[in-house]
1. Could you tell me whether residue 225 is closer than 20 Å to residue 65 by Cα, in contact with a strand residue (DSSP E or B) (Cβ under 8 Å, 6 or more places away or on another chain) and buried (at least 20 other Cβ atoms within 10 Å of the Cβ)?
2. In segment 12-45, which residue that is assigned to a loop (DSSP other than H, G, I, E, B) and over 25 Å from residue 213 (Cβ atoms) is modelled with the lowest pLDDT?
3. Has segment 153-160 got any residue that is more than 29 Å from residue 110 (Cα to Cα), in contact with a Phe, Trp or Tyr (Cβ under 9 Å, 6 or more places away or on another chain) and buried (at least 16 other Cβ atoms within 10 Å of the Cβ)?
4. Residue check: is residue 196 within 18 Å of the chain's Cα centre (by Cα) and either small (Gly, Ala, Ser) or at pLDDT 95 or above (or both)?
5. Of the residues that make up segment 158-172, is at least one over 21 Å from the mean Cα position of the chain (by Cα), among the basic types (Lys, Arg) and within 24 Å of residue 30 (Cβ to Cβ)?
6. Among (1) in a helix (DSSP H, G or I); (2) more than 19 Å from residue 67 (Cα to Cα); (3) of a type in the set (A, V, I, L, M, F, W, C), which single condition is residue 131 missing?
7. Can you confirm whether segment 199-213 contains a residue that is surrounded by fewer than 16 Cβ atoms within 10 Å (Cβ to Cβ) and farther than 18 Å from residue 66 by Cβ?
8. Considering only segment 47-122, give the helices (runs of 4 or more DSSP H) lying wholly within it that have at least 1 residues that are within 19 Å of the chain's Cα centre (by Cα) and free of Cβ contacts under 8 Å to residues at least 40 places away in the same chain.
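The values are calculated or read from the model by the stated rules, or taken from the named source; none is laboratory data. All of these numbers come straight from a predicted model, not from anything done at the bench. No Cβ is skipped: glycine too gets one built from the backbone with ideal geometry, and neighbour counts run over all protein chains shown.
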Amino acid sequence: MTAVRTPPPPLPVRDKAAARALSPMLTRLAEERATGVLLREHGTLYLAEGRVVHAESPLSPGLDVLLTAHGTLAAAAWQRAAAEAAGPLQAAELLLESGLLPAGALELCHLDALYDAGYFALAQSSTPGRFRYDNTPRTGPLPSVPVVALERETLRRRLLLHRLWPDPAADSAPLIRADPATAAPVTPRQRAVLDRVDGVRTAVEIARNLGRQAFHTLVDVRRLAAAGHVTPVAPVHPDPAPPPPPPVTDPDIALLKRLRDALEAL
C-alpha cells in the first residue's frame with residue numbers, strides 16, 4: 001500500500017508585499033495618519049494619527065486580565081477604574097495617574113495586550129473591515145505602535161506557529177490529552193497548560209484561565225501537539241437530514257380515493 005502524504009500549508013511569506021496584504025485598509029489608514037477605530041471580524045484596532053494605540057479581540061485576554069491575574073493590580077481596583085472610565089485604555093491611564101500602577105508594569109502589559117489582540121485582529125477575515133473616523137486628539141501616556149511593526153510581528157508569529165506544528169486545528173478546537181508512545185518531558189509552562197486540557201477548553205480559554213497572552217498559549221499548545229501530548233477534538237458533523245417526501249400529485253389522490261372506495265365496499 002502506498003502512503004499518501006498531505007503537504008502542510010504553505011509557510012507565511014515575510015516580504016513587504018505580504019505584510020501590506022494583511023490589511024490594505026490598515027495600511028492606507030496609516031499612510032493618511034487617520035484617527036479612529038478599525039473593526040475587523042476577529043478584533044478591533046484603535047488608531048491615533050495612523051499608529052495603533054490599543055487593540056481588543058474576543059480571542060485574547062484583555063488588559064484587565066493581564067494586570068490582575070498575577071497580582072500586578074487588585075481586581076477591585078480595576079473594576080473601580082473601569083466604572084469611571086470610557087474604556088479599558090482610559091481605565092489603565094486613570095490607574096496610572098492615581099499611582100496604583102507603576103508606569104513600567106502598565107506599559108509592558110499594555111504592549112503585551114496590544115500585540116496579542118492585534119495578532120488575532122489581523123487574522124484572515126471572511127468579511128471586510130469597517131473604519132469609524134474619530135478626530136478627537138489623544139495624548140495619553142501609554143506607548144503606541146506603528147502599523148508596520150504590528151504587521152511584521154504578526155507575520156513573525158504566524159511563521160513561528162507554522163514551524164512548531166503546521167496544523168492550526170489546535171488553535172481553536174477543544175483539546176484532549178493524547179497518549180504519546182514516548183512521553184516527552186514538558187516545561188512548567190506547558191504543564192500548566194496541559195493540566196487544563198479537559199476536552200472542553202480551547203487554547204484561548206486556557207490562556208484566559210491562566211491569565212496569559214493567548215498567542216504564547218498557542219505556542220505551548222502547538223509544542224504539546226508536536227510532542228503528541230494533546231490533540232484537537234474532531235468536529236462533529238451532524239447526520240444529513242432525510243430528504244423530504246415527494247409531493248402528492250393529483251393521480252396519487254385519485255388512486256387513494258379508489259383504494260378507499262374499494263375498502264368501504266368490502
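1. On the way: closer than 20 Å to residue 65 by Cα: no; in contact with a strand residue (DSSP E or B) (Cβ under 8 Å, 6 or more places away or on another chain): yes; buried (at least 20 other Cβ atoms within 10 Å of the Cβ): yes.
Taking the combined requirement at face value, the residue does not satisfy it.
2. If we take residues in segment 12-45 being assigned to a loop (DSSP other than H, G, I, E, B) and over 25 Å from residue 213 (Cβ atoms), then 15 is modelled with the lowest pLDDT.
3. Looking through segment 153-160, none of the residues is more than 29 Å from residue 110 (Cα to Cα), in contact with a Phe, Trp or Tyr (Cβ under 9 Å, 6 or more places away or on another chain) and buried (at least 16 other Cβ atoms within 10 Å of the Cβ).
4. The answer is no for residue 196.
5. No.
6. Here residue 131 clears every test but (1).
7. Yes; the residues of segment 199-213 include at least one that is surrounded by fewer than 16 Cβ atoms within 10 Å (Cβ to Cβ) and farther than 18 Å from residue 66 by Cβ.
8. 63-68, 88-98, 103-121
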